[in-house]
1. Which members of the range 10-23 meet the condition of being within 25 Å of residue 129 (Cα to Cα) and surrounded by 18 or more Cβ atoms within 10 Å (Cβ to Cβ)?
2. For residues that are touching a residue at least 24 places away in the same chain (Cβ under 8 Å), surrounded by fewer than 20 Cβ atoms within 10 Å (Cβ to Cβ), small (Gly, Ala, Ser) and assigned to a helix (DSSP H, G or I), tally how many sit in the range 194-213.
3. Considering each of 185, 139, 191, 150 in turn, give the residue that is of a type in the set (Asp, Glu), in a helix (DSSP H, G or I) and closer than 24 Å to residue 42 by Cβ.
4. Of the residues that make up the range 32-44, is at least one surrounded by fewer than 15 Cβ atoms within 10 Å (Cβ to Cβ) and under 20 Å from residue 233 (Cβ atoms)?
5. Residue check: is residue 157 within 28 Å of residue 39 (Cβ to Cβ) and touching a helix residue (DSSP H, G or I) at 6+ places or on another chain (Cβ under 7 Å)?
6. Which numbered condition in (1) touching an Asp or Glu at 6+ places or on another chain (Cβ under 9 Å); (2) in a loop (DSSP other than H, G, I, E, B) is the only one that residue 179 fails?
7. How about the range 229-256: which of its residues are within 17 Å of the chain's Cα centre (by Cα) and not polar (S, T, N, Q)?
8. Going by what's in this entry, would residue 240 be described as touching a His at 6+ places or on another chain (Cβ under 9 Å), at pLDDT 95 or above and part of a helix (DSSP H, G or I)?
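The values are calculated or read from the model by the stated rules, or taken from the named source; none is laboratory data. Please read these numbers as outputs of a predicted model, since none were measured by experiment. Quick reminder, even Gly has a Cβ in these numbers, built from the backbone with ideal geometry, and neighbours come from all protein chains shown.
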Amino acid sequence: MKLGVNIDHVAVLREARRVNDPDILEAMYVATQAGADQITIHLREDRRHIHDTDAYRIAKLCKVPLNLECSIDEEIIDIVCDIAPHRATLVPEKREEVTTEGGLDVIKRFDAVTKAVKRLKERQIAVSLFIDPETKVIEASKETQADMIELHTGAYANVYAMLHSNLGASHHRIEALQKPRNELEALLENELRKLQESAAYAHSLGLEVAAGHGLNYQNVRQIAAINEIIELNIGQSIVARAVFSGLESAIKEMKQLVSH
């Protein structure tokens, strides 16, 4: 199981004071030294954390593959084609969202997604699509000629947190999931089954399968146990743990979890 370490939140901290501290390149170096199999960053249209200069510098200096998440906006695709990372992961994007809230609607935006995939692959950039675990979306993803999908694990992570943490008692609680424990247990089982079946189906179609979003030190084991998933991309929980234990230690701990 490969671990992609998303270092966006290091840039979030930097941008909070608009200084070059913490240094995003130092985060990249520490992550690779700690065993990250790839570095993941998201070049958002509003540049809220990663900036163009960050992406260019990381692509130039990174000693492991760079997975560059981006929207299908044509100007962004132009930049990604110029940067030429190892892989581009196409994601949905809304200016008002705190983080990516769902998978890319490949069916509704099929032509635009296919066009973006074609342009990236002409530049010898591997392409992954960040999607919800749904059969029809997986089939549409295959038709775009993408190389890979990344299954959105947010629904699974949300139910897990409401069931196994104090999230429900906090001001960040998810009102739609304020349910009795037995209902949450059934929901969690269903979300995990959807991920398992989606991974198996995508693999049967010849797509490589990754997963990510909301994964942390408590919920990652069951996702890492899905045979068809070869890669997990994890960021926020690693950077949050690093506040207390240091980035190198946090990455090594996660790497051990996903490897076993």
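1. Filtering the range 10-23 down to residues within 25 Å of residue 129 (Cα to Cα) leaves 10-12.
Listed by number, the residues that qualify are 10, 11.
2. 1
3. Every option except 191 fails the conditions.
4. Checked against the condition, which is being surrounded by fewer than 15 Cβ atoms within 10 Å (Cβ to Cβ) and under 20 Å from residue 233 (Cβ atoms), the range 32-44 yields at least one hit.
5. Taking the combined requirement at face value, the residue does not satisfy it.
6. All conditions pass for residue 179, except number (1).
7. Correct list: 229, 230, 231, 232, 234, 235, 238, 239, 240, 251, 254, 255.
8. Yes.
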